[in-house]
Amino acid sequence: MSTVKQKQGAFLSSVNGPVCHARNIKGFHLRDMVLAGEKKLIGEVIALDQDDATLQIYEDSEGLRLGDPVENSGQPLQLCLAPGLLGHIFDGIERPLEAIRARNGAFIPEGLGLLKLDEKKVWPLTFTVKAGDKLKSGECWGTVAETAAVNLKLLMPPGKSGTVKALLREQATINEDVIAFEDESGREFTLTMSQYWPIRRPRPVESRLSVKEPLVTGQRVIDSFFPLARGGSAAIPGGFGTGKTMTQHQIAKWSNADIIIYIGCGERGNEMTDALEEFQKLEDPRSGRKLIDRTILIANTSNMPVAAREASIYTGITMAEYYRDQGYDVAIMADSTSRWAEALREISGRLEEMPAEEGYPAYLASRLAEFYERVGRVKTLGGDVASITAIGAVSPAGGDFSEPVTENTRRLVGAFYALDRKLAYARHFPAIYWMNSYSSYAHDLRNWYSQNVNPRFPELRDKLLDILQAEDSLKEIVQLVGEAALPADQRLTLEVAALIKTGFLQQNAFNDVDRFASLPRQFALMRVIVAYEEGAREALRQHIPYSEVRMKELQARIVRLKYELSEEHMDLADRLIEDIQSSFEKLSESYASLLGARDEKEKR
């Protein structure tokens with residue numbers, strides 16, 4: 001040990017997996033990025049104690065030894081934000097995996113360093129300013145066609161302002177100077193197309209705004225029953241096999257967000273492979289091009305270092321803020337925050353911190369809040385109105401929603417989509433169980449639905465939910481005495497609830513018509529179901545036998561309608577409603593004539 005103490009500069013004094021200790025740490029600051037060992041593994045300072053620093057290593061630390069040198073970069077872990085993010089896949093600390101594979105093969109070796117975006121590619125840019133123009137923080141000075149689907153704005157970095165002195169070049173790499181400014185004190189500075197920003201610090205905005213409109217996902221159970229606002233947050237908890245990842249994929253594919261950021265933190269590698277291959281093949285319904293053109297994938301699979309998994313959600317939210325600042329609506333998917341929390345628990349255990357509930361650190365709730373509080377609808381520094389919407393999957397062990405990650409997430413999000421194992425095993429997807437799910441945005445968005453879809457939309461939504469709640473309360477009675485023992489009106493409630501489940505809530509992701517339902521189509525389906533329910537209930541009030549009121553053929557047509565009701569054939573809903581009303585009118589007339597004939601016979 002005496003030889004270790006004689007070393008000059010900072011050195012490793014202990015190694016415990018991804019957690020290491022360094023001594024002789026002159027000039028170190030909390031959150032500084034460090035390079036540890038002979039291979040210069042990337043790490044971060046997470047605690048300081050006199051002459052001792054605790055480091056979190058973001059790479060495989062098996063090769064580290066006591067006494068290995070530690071270099072301090074003097075900067076926090078930060079991202080390079082520039083053209084070249086969209087359409088690519090990165091690890092948890094923004095290292096491009098495609099470039100690593102081309103250089104090193106299928107596995108990531110230690111000591112690669114903090115690789116950046118493609119520094120050789122030349123990007124043509126278009127200036128939106130001229131010499132003499134004055135710009136403040138967040139204002140646009142140029143644009144770049146990053147992909148065929150997204151035009152990237154080049155912004156004045158936060159904290160800077162100045163007058164344009166010269167436009168240097170109209171095509172450049174991300175690190176070449178392209179524009180020169182002069183600040184208020186007369187000092188000149190130049191800008192490149194790239195910005196650097198610490199992942200744990202939120203990017204500034206002009207102001208935060210209340211939510212005004214929904215993030216339309218095309219999934220009926222979400223858009224109609226439990227809407228998610230643009231700038232809101234949602235959790236999708238569920239046990240293994242209930243469809244968390246597939247639900248997020250559906251939202252990523254069909255939502256009306258401009259930019260999609262998908263974070264696979266701690267998930268299986270084959271799931272990330274499926275996402276990457278599918279997004280590259282899938283046609284973007286907005287532009288007709290490939291969906292990957294407006295998507296960023298961040299992969300930190302279950303076999304990658306846990307410390308990088310902990311950083312991955314901050315990497316994703318920082319990228320989301322970068323595109324939000326350009327005026328885009330961004331949707332960020334975190335799959336799953338439970339695996340992220342497990343990484344937090346492992347690191348906390350190696351730090352020998354006092355564990356809280358189920359071994360998670362006491363600061364679990366505050367770390368979750370650090371992520372979810374960075375979403376929202378805002379006015380940017382440049383004057384645009386933009387948003388970040390977060391959808392986090394939660395994987396509670398055994399489907400237990402009372403475990404700490406689910407409970408703490410529930411307190412932070414505005415929408416809660418509880419997945420049910422029974423629904424999933426019955427092939428009812430999305431397997432979102434309506435009795436355990438909720439959305440606090442439903443009330444805020446009522447006026448939007450009334451004005452932009454139909455004034456009756458909130459009314460019909462409430463009616464269908466009331467029917468499902470009534471059906472749930474009847475379940476225990478049915479189990480005790482059987483459905484046949486119920487009065488006719490309650491049997492009708494069960495029948496209509498089954499129609500809602502199969503004809504409205506259940507969606508087929510592999511059907512060209514049913515995989516995405518626009519809001520007008522969702523409203524049309526609700527109208528049809530309500531028309532049947534009202535007609536049948538009125539028939540029961542006229543004492544028509546329930547066996548006649550059921551009309552199985554009409555029910556079958558209602559269930560089939562979701563596969564037939566395309567944008568080009570919206571009239572099918574009106575025609576079916578006419579047939580429903582006509583059928584019940586004929587039924588009513590026939591029984592009225594029968595009653596009349598019976599009364600006449602009795603008089604004789």
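Take the Cβ atoms of Arg31 and Arg65, set R0 to 25 Å, and the FRET efficiency comes out at 0.50.
FRET efficiency for the Thr192 to His569 pair, using the beta carbon distance and R₀ = 45 Å, is estimated at 0.30. Residue-wise HN-Hα couplings along the stretch 301-309, as the Karplus relation 6.51 cos²θ - 1.76 cosθ + 1.60 with θ = phi - 60° gives them from phi, are 6, 5, 9, 8, x, 5, 5, 5, 5 Hz; Gly and Pro carry x.
Just so you know, the Rg over Rh for the chain is 1.08, from Cα atoms, with Rh as the Kirkwood radius.
Under the shape rule built on the C-alpha gyration tensor, where the axes satisfy a ≥ b ≥ c, the stretch 347-481 is oblate, since a/c reaches at least 1.5 while a/b does not exceed b/c. A 1.4 Å probe run over the chain, with the rest of the protein chains in place, finds 44 Å² accessible per residue. For the stretch 64-146, carbon and sulfur atoms together expose 52% of the accessible surface, with a 1.4 angstrom probe and every protein chain in place. Beta-bridge orientation, the chain: approximately 70 percent antiparallel, per DSSP, counting only bridges with both partners inside. Per-residue 3J(HN,Hα) values for the stretch 119-136, derived from phi via the Karplus relation 6.51 cos²θ - 1.76 cosθ + 1.60 with θ = phi - 60°, read 8, 9, 5, 9, 10, x, 10, 10, 7, 10, 10, 9, 4, x, 5, 9, 10, 10 Hz in sequence order (x marks Gly and Pro). In the chain, the sites counted are chymotrypsin sites (Phe, Trp or Tyr not before Pro) in DSSP loop states with at most 12 other Cβ atoms within 10 Å, and the longest stretch holding none of them, exclusive of the sites, is 241-509. Panel values: the stretch 249-354, Kirkwood radius from alpha carbon pairs, Stokes-Einstein at 25 °C and 0.890 mPa s, translational diffusion coefficient 169 µm²/s. Per-residue extension of 0.36 nm, minus the Cα-Cα distance of Lys422 and Asn104, leaves a gain of 110.0 nm for this segment. Estimated at 0.36 nm per residue, the fully extended path between Lys165 and Arg286 surpasses their Cα-Cα distance by 39.7 nm. A full extension of the chain between Glu578 and Ser366 corresponds to an added length of 70.8 nm, given 0.36 nm per residue minus the alpha carbon distance. In the stretch 92-198, a dipole from Cβ-located charges (positive for Lys and Arg, negative for Asp and Glu) runs towards its positive end, and of Val164, Val129, Pro109 it is Pro109 whose Cα lies farthest in that direction. Phi-derived couplings, Karplus 6.51 cos²θ - 1.76 cosθ + 1.60 at θ = phi - 60°, listed residue by residue for the stretch 476-490: 5, 5, 4, 5, 7, 10, x, 5, 5, 7, 6, x, 4, 5, 6 Hz, with x used for Gly and Pro.
Around the Cα centre of the chain, unit charges on the Cβ atoms of Lys, Arg, Asp and Glu (plus for the first two, minus for the last two) sum to a dipole of about 360 debye.
Axis angle, to the nearest 10 degrees, between helix 571-603 and the longest C-alpha principal axis of the chain: 30 degrees. Once the C-beta distance of Thr502 and Leu209 is scaled by a Förster radius of 35 Å, the resulting FRET efficiency is 0.35 to the nearest 0.05.
Between the helical axis of 269-281 and the longest alpha-carbon principal axis of the chain there is an angle of about 80 degrees. Rank Val221, Trp254, Ser207 by how far each Cα sits towards the positive end of the charge dipole of the stretch 201-306 (+1 on Lys, Arg Cβ; -1 on Asp, Glu Cβ) and give me just the farthest. Most positive-ward Cα: Ser207.
Within the accessible surface of the stretch 415-457, defined with a 1.4 Å probe on protein heavy atoms only, the carbon and sulfur portion equals 47 percent. Annotation for Lys475 and Lys121: the two label points, set 7 Å from Cα along the Cα-Cβ direction, are 5.0 nm apart.
The values are calculated or read from the model by the stated rules, or taken from the named source; none is laboratory data. Owing to the predicted nature of the structure, the values given are computational and were not obtained by experimental measurement. Note that each Cβ is placed from the backbone with ideal geometry, even for glycine, and that neighbours are counted across all protein chains shown. Calculation scope for accessible area: heavy atoms of the full protein, side chains included, ligands and nucleic acids excluded. Shrake-Rupley method; radii C 1.70, N 1.55, O 1.52, S 1.80 Å.
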